[in-house]
Every structure is written in C-alpha cells, then in structure tokens.
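Scroll down for the structure; my scribbles are underneath it.
The values are calculated or read from the model by the stated rules, or taken from the named source; none is laboratory data. As the structure is a prediction and not an experimental result, all values here were calculated from the model. Cβ placement follows ideal geometry from the backbone for every residue including glycine, while neighbour counts extend to all protein chains displayed.
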Amino acid sequence: MSGHDPKPTGSATFDYKHVGSRFLGLVALAIVAYIAVGFGAWTDTKQFAFSYLFAFTFFLTICMGGLFWTLVHHAVDAEWSVVVRRQMENIASLLVVMGLLFIPLIFVAPKLWYWMTKLPGQDILLDEKWPYLTKEFFWIRAAFYFLFFAIAATWLRRNSIKQDASGSARYTLLNRKITFACLPLFAVSLTFAAIDWLMGLDYHWFSTMWGVYIFAGTALSSMCVLVLIVTALRNAGYFQNVITLEHYHIMGKLMLAFTIFWAYIGFSQYMLIWYANIPEETVYFLRRNTESWQILSTALVVGHFFVPFLMLLPNLGKKKPAFLCGMAIWILAMHLLDIYVVVLPALHKAGVVLSWLDFACLVAIGCTLAALFLKRLGDAPLWPQRDPRLPQSIALKN
Amino acid sequence: MNAVGNPTAPVYGIAAEFSCARDLYHAAEKIRDAGFEKWDVFSPFPIHGMDEAMGLKKSILGKFVFLGGLTGFLTAVTLEFGTSSFLYPLIVAGKPTNLYTVPAFFPVMFELTILLSAFTAVFGMLILNGLPRLNHQLFNWDRFKKVTEDKFFVAIEAQDPKFSSRSVRDFLESLGGQNITTIHGD
C-alpha cells in the first residue's frame, strides 16, 4: 500500500565468482571423505552402516522439506513465498541425488534392518508383519519413494523455470494441479520411508506417530536451511528489494510454529508410550532414557524445544537476519542430534559411542549436496522472474 | 456543511468519505502527522499497513493474554501436584508422585493455559473495543452504510484536543475527502 515500491535491483543470476575456488575445495573434501568412508566401510561395516544411515537421514529430511514447502506454496496459492520458492525448489531437486546416495545402504541392509536376516517361523512378531516386512516389498517401496520424490521435485521446478521464459500463468495453474496429486503421495512416501528405514531398525517396536514425528523435523530443518541460503545470497548482494525483513518475519514465524509442532508430536508420542507402559512399545524410550543416551534425550528436550521456543517467541528477533541465522544453525544442530538419537542407539545399546565415521559420512554427503546445490543455483534465476504474484510477494507486509 | 443527527445534541465529530483504500491510507498518514489523537478510519476490509499509517501503538492485549495463560498454567500445576502429589498421593501404574509425573500432567497444563489465554484474548478484545454496543453516532449518517460495501471513511472526533469544526473540515477537504459531514448524537 505504500504507493511506489522500489524495483528489484541487481542480477537474478548467480555468479560463480562468489564461490570461486572454494567449489573445488568442496569437491576435494567430498572425495577425501568418500575415501575415508570407503575405508571405514571395509574395516567396520556395521558402524559404517549406521553412521551412513544417520547422515543420509539428516540430509534426506532437509531435502524432503524443500519439496514439502514447494507443495505447500502451490497448494495454498501462497503469495509471500514466491520470492523464496526457487530456493525451496533447488533444495527439493537434490532428492534425485539422495536416491543415488541411498545405493550404499542397499549393500549393508541386513546389518541395519536385522529382520532381513530372520527366516520365516523364527519370530512370530516378524511373521505377523508379513507381507509388509519382506525384502521384495521393502525394495519396491524404496524405489517408489525416490521415483516419486524425483519426479515431483523435478517437474515442479522445471515448470517454474519455464515460466521465467514465457511468463504464462498456465504454469502456475499446472503446478497447482500437480501439487494436489503429489500431496497425498508425499505424505505416504515420507511416512513409510520413516517407518521402513528408521522404525525398521527395531522391528519389534512401533509407534503410530512416527511418520509425523519425522515430518515435524523435516519441515523445521528445511525452513532453517532456507533462511541460511537466503541470507548467504543476500549477503552476496542478491535479492536487493526482493526479499525484505517482512519475509524473514514469516520464515521466523514458521520456524517457531514447527519448533512447537515438533515438541507437540514428540511429547505426545512419548507420553502415550510412557503412560501405557507396554514393554513392546517402551523398548524405544527405555534405551534412549538410560545410560549416556539419557543425557542426549534430555538435551533434546531443552535444546530442540525450550531454547528455540523462548528465543523465537518474542517479536524482536524475527526481523533480524543475523539472529534468525543463529537460531537456524542452532535448530539444525538440534535436528542433527535428534536424528542421532533416533538412529545410533540401535547400534550402541549400552550408551553413546561416537565414531569418526559419523563425521566422515556427514562431510561426504554434505559436501556432495552443497556442491550440487551450487550447481543448481547457477542453472536458473534465483527467484521466479515472471510469476504473476511476484509484485505482491515483493511488497509483502505482515 | 452537511450535518446529520439531532442538531441540538452534542457533535460526535466530522466524517469524510473516500472512494478507494489508497486514498484512505494516505489520508490516515496525513491525519497522523497532523497530530490528531481521537479519530478512526472505517473500511469494508482490512487494509495492510493501516495500523502503521494511523500511528497505532501495539495493543496492550498481549500482556493480558500472557497473564491469562499464566493463571491457567498455575491453576493446572496447583490442582494436579497439589492433589495427586501432596494432599492424597495416588500411585497409579507404578508412576511416581513427584516431579517425574509431569508427563501425565502436561496435557492438562497445556489445555488450561490455552483455554484461559483464548478466553482472555476474546473477552479482553471485546472489552478494549468497547463491545458489544447497541448503536453508534456514525449510523445517523445514511452514506455511512456504504462502509460495508465500497466506500471508505474517516471520522475525527469532537473530543480530540485539536478539534475545531472549521479547521477540521478544511483539513479533510484538503486530503481529498468527499461529502464531509458533521455528525451529531441522537
């Protein structure tokens, strides 16, 4: 409403001079990490399997979150998120790579998901879960998830880029239609991927809230990554008069909302199991609330909920990019801890045992994704150039 | 100048009509800068940024809501720990009666906090707005009915310390207001 809004200035195309030789450093670091991981996989296959699953899940949740926010943008016809949508699409497009990075897990699958080593008739609880927990169905499902993720992310992004050239509103409508088909498939894929790969670490255990618990971390961590990417690009001189502090305000509010949502789901899952006190269900929390795992679980309650909740609750910080970035890094660290406490207790039952492979796998996958993300940045304009709602999105007021 | 209402009754204020939200927005900015205090704008829909254009301060309601939520939370804490942990300790399903019982008590704390916050927010908002009320002097003006349709209005109240009917009328005219009218009470 303020009459004339300043026009976007500066280039919309990413210039690799901001990265320079650091890109090669990233690739070199990834290669070194992969060699180290390969060595670790050869010497300690079991530790490698869990460390790799831990790192893989951490980055998978972030990439799935990128797809989630893109879907939400189209489904609710959002105005504010037009300017940040391309970055969400870039994060989501890495899901194709996640499909390739899943391959090492295929070779160590029986070490991770030990139900694969059981024969029919050995354990009645496993037999009860036939045919869901059979190898054939398991791999078919995994292929389906990645096929869906890859098609949805690539298709939505491609239409969005086509619109930059033609400016036709047809692509906005087309993407909305694609989104409505994708939303239920996304929910199913995320939920069952979480069940297959994380809950499946102990096939005796089950929780009906597991999918939504992983989803809560997914949406939250991805929003944090979005804040960091947008701020980095702004600091490099992009998004002038495009992304304003009002957009930060909204991203901050979403971070707060999903911090609360994560706590709500996490607590509900815990309380139901704790209160009912059925051994089959309590086994998960029993392991994570005893020995040195107890410290990490408690740290999660404080660090993943209370700290960000109290920091993000007041209005003051949400319009300060530096503050919001600090919170984003903090929450991402907590998300990492969350995934660590989900995956690793299945291996180290007696207490926390840090392994150098945990870090090596994180560096290997992280550097790969970072390098490919930089490639994606330069492939297309940094924000949708001719989206019909771009002017309203830029002129956003809370 | 036009006048509506009972001519012998005290003047409520002077109102002007605008034909679009943009004009109303800019008029509000100028009225704010002119230093008026008791005035309001009326429009068929919320206008983004209008609170800033009017120079409205942050509402005190949030503080009331916090106190309401705190009351709900403390009520739950007292009722739960007071009864089940101190006055008549109940050990159910092997659950302790000390601080570690908190997961079982959490839903009640949560719900009562939300409940009393919501009540404070709704009823506090109504009280601060002076609602419910049966009538308003502005309804004496027939044109004002268009406020729920396609017209935008500004009214500067006679209680404003800077109010004088001639200068206010000239001022509203200079802002581009149409059908400037003096509103009397009933």
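Just a few scattered comments:
- Odd one out for A:Glu280, checked against (1) without any contact (Cβ under 8 Å) to a residue 60 or more places away in the chain; (2) over 20 Å from A:Gly217 (Cα atoms): (1)
- Considering B:Pro10, B:Pro44, the condition of being more than 14 Å from every other protein chain (Cβ to nearest Cβ) and within 17 Å of the chain's Cα centre (by Cα) is satisfied by B:Pro44 alone.
- Just one residue in the set A:Ala194, A:Ala92, A:Ala143 is touching a Gly at 6+ places or on another chain (Cβ under 6 Å) and farther than 30 Å from A:Ile394 by Cα; that residue is A:Ala194.
- Some residue of the range B:137-155 being basic (Lys, Arg), in contact (Cβ under 8 Å) with a residue 12 or more places away in the chain and within 21 Å of B:Arg32 (Cα to Cα): yes
- A:Thr290 falls short on exactly one of the conditions (1) surrounded by fewer than 16 Cβ atoms within 10 Å (Cβ to Cβ); (2) without any contact (Cβ under 8 Å) to a residue 60 or more places away in the chain; (3) under 25 Å from the mean Cα position of the chain (by Cα), and that condition is (3).
- Criterion violated by A:Gly378 - all others in (1) small (Gly, Ala, Ser); (2) closer than 23 Å to A:Val27 by Cα; (3) surrounded by 20 or more Cβ atoms within 10 Å (Cβ to Cβ) satisfied: (3)
- Filtered by the rule that a residue be crowded, with 19+ Cβ neighbours inside 10 Å and more than 13 Å from chain B (Cβ to nearest Cβ), the range A:266-287 gives A:Tyr284, A:Arg287.
- Which listed residue, of A:Ile339, A:Ile365, is in contact (Cβ under 8 Å) with a residue 60 or more places away in the chain, buried (at least 21 other Cβ atoms within 10 Å of the Cβ), under 28 Å from A:Ile250 (Cβ atoms) and among the hydrophobic types (A, V, I, L, M, F, W, C): A:Ile339
- Selected residue [away from chain A (no Cβ under 14 Å), at pLDDT 90 or above and closer than 24 Å to A:Gln269 by Cα] from B:Leu74, B:Leu112: B:Leu112
- Tally of residues being surrounded by 15 or more Cβ atoms within 10 Å (Cβ to Cβ) and over 20 Å from A:Asn289 (Cβ atoms) across the range B:79-101: 4
- Restricting B:Thr97, B:Thr113 to residues that are hydroxyl-bearing (Ser, Thr, Tyr) and part of a helix (DSSP H, G or I) narrows the list to B:Thr113.
- B:Ala53 more than 13 Å from every other protein chain (Cβ to nearest Cβ) and not polar (S, T, N, Q): no
- Helices (runs of 4 or more DSSP H) contained entirely in the range A:40-105, each with at least 1 residues that are within 25 Å of A:His348 (Cβ to Cβ) and touching a residue at least 12 places away in the same chain (Cβ under 8 Å): A:45-75, A:95-101
- Annotation: B:Val108 fulfils all but one of (1) part of a loop (DSSP other than H, G, I, E, B); (2) in contact (Cβ under 8 Å) with a residue 12 or more places away in the chain; the unmet one is (1).
- Selected residue (only one of B:Asn140, B:Asn135 is crowded, with 18+ Cβ neighbours inside 10 Å and not hydrophobic (A, V, I, L, M, F, W, C)): B:Asn140
Let's see how each residue does on (1) outside any helix (DSSP H, G or I); (2) modelled with pLDDT of 95 or more; (3) over 23 Å from A:Leu374 (Cβ atoms):
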| position | (1), (2), (3) |
| --- | --- |
| A:His204 | yes, no, yes |
| A:Thr218 | no, yes, no |
| A:Val225 | no, yes, no |
| A:Val242 | yes, no, no |
| A:Trp262 | no, yes, yes |
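- Just one of (1) farther than 30 Å from B:Glu157 by Cα; (2) away from chain A (no Cβ under 14 Å) fails for B:Ile91. It is (2).
- Filtered by the rule that a residue be away from chain B (no Cβ under 14 Å), under 19 Å from A:Trp210 (Cβ atoms) and out of contact with any His (no Cβ under 7 Å at 6 or more places or on another chain), the range A:238-265 gives a lone residue, A:Phe258.
- Put simply, of A:Gly40, A:Gly65, A:Gly121 the only residue that is at pLDDT 95 or above and of a type in the set (Gly, Ala, Ser) is A:Gly65.
- Take the conditions (1) over 23 Å from the mean Cα position of the chain (by Cα); (2) crowded, with 19+ Cβ neighbours inside 10 Å; B:Asn179 misses just one of them, which is (2).
- The single residue among B:Thr120, B:Thr101, B:Thr97 that is within 14 Å of another protein chain (Cβ to nearest Cβ) and either without any contact (Cβ under 8 Å) to a residue 60 or more places away in the chain or over 29 Å from B:Ser59 (Cβ atoms) (or both) turns out to be B:Thr101.
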